[in-house]
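Before any comments, here is the structure.
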Amino acid sequence: MFALKPISHESVASALAKAEHYRLLAEPSEAESICCDILAVEPGNQHALVVLTLALTDQIPHDPRAFSRAVETAGALESPYERAYYCGIAWERRAKAHHHSGVHGAGQHVYEWLVKALGHFDQAERLRPPGNDDALLRWNTCVRFLGSHREVVPGTAEEPVAITSE
């Protein structure tokens, strides 16, 4: 078997730029690999954790494990704001990927997951640095999505059926 080769600390900035570039090229698995290389030499690199989280969320439509890995990675961020914000991104992208999959009856799950995203964005809004409205932008995107997709509705609790016996 082949062994992974570690990158140098001096190459981290360049590697981060490459990871972002691969995300823009819609090649998230390449971005993920680069971030893993960065994190192998700088385990707490916050920028690499953010790019890795986003690369994983890019893979949600095709990889059923990507969502949980994205949430776990976002949970490793030091900033409470960033943890909330990037967890919100993961829930939002999970919901939209499920919606676009065309699965019959997906609306209830999509709604619940968007509500979870909204909760994270609401928390991020309270923690945000001055002048950073990213959480509000994501909130508004989710609200507009819900408004334009009327089939995405909350689930109804099944009411118990009355037993009618003789």
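The numbers here are math on the coordinates, done by the rules we state, and not lab data. Just so you know, these numbers come straight off a predicted model, no measurement behind them. With ideal geometry, Cβ positions are generated from the backbone for all residues, glycine too; neighbour counts draw on all protein chains shown.
Values for this structure:
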quantity: Estimated [θ] at 222 nm from DSSP helical runs (n ≥ 4, -39500 (n - 2.57)) normalised by residues in the chain, nearest 500; calculated: -21000 deg cm²/dmol
quantity: Those lysines that a straight Cα-Cα span of less than 24 Å connects to LYS96, excepting residues fewer than 8 apart in one chain; calculated: LYS116
quantity: Largest-first ellipsoid semi-axes for the chain, taking √(5λ) over the Cα gyration tensor eigenvalues, angstrom; calculated: 36, 19, 14
quantity: Exposure proxy order (Cβ contacts within 10 Å, fewest to most) of SER33, SER68; calculated: SER68, SER33
quantity: Cα-based shape type of segment 86-148, given that a ≥ b ≥ c are square roots of the gyration tensor eigenvalues and the cut on a/c is 1.5; calculated: prolate
quantity: Choice from ALA95, ALA26, ALA124 with maximal GNM fluctuation in the chain (Cα, 10 Å cutoff); calculated: ALA26
quantity: Inter-part distance where segment 75-101 and segment 115-138 are each reduced to a Cα centre, Å; calculated: 11
quantity: Nearby aspartates and glutamates by direct alpha-carbon distance to LYS18 (threshold 18 angstrom, same-chain neighbours under 8 apart not counted); calculated: GLU10, GLU27, GLU30, GLU32, ASP37, GLU42, ASP58
quantity: Charge context of ASP58, other residues only, Cβ under 14 angstrom, K/R +1, D/E -1; calculated: 0
quantity: Overall Cα dimensions of segment 11-78 - principal axes, largest extent first, Å; calculated: 31, 27, 15
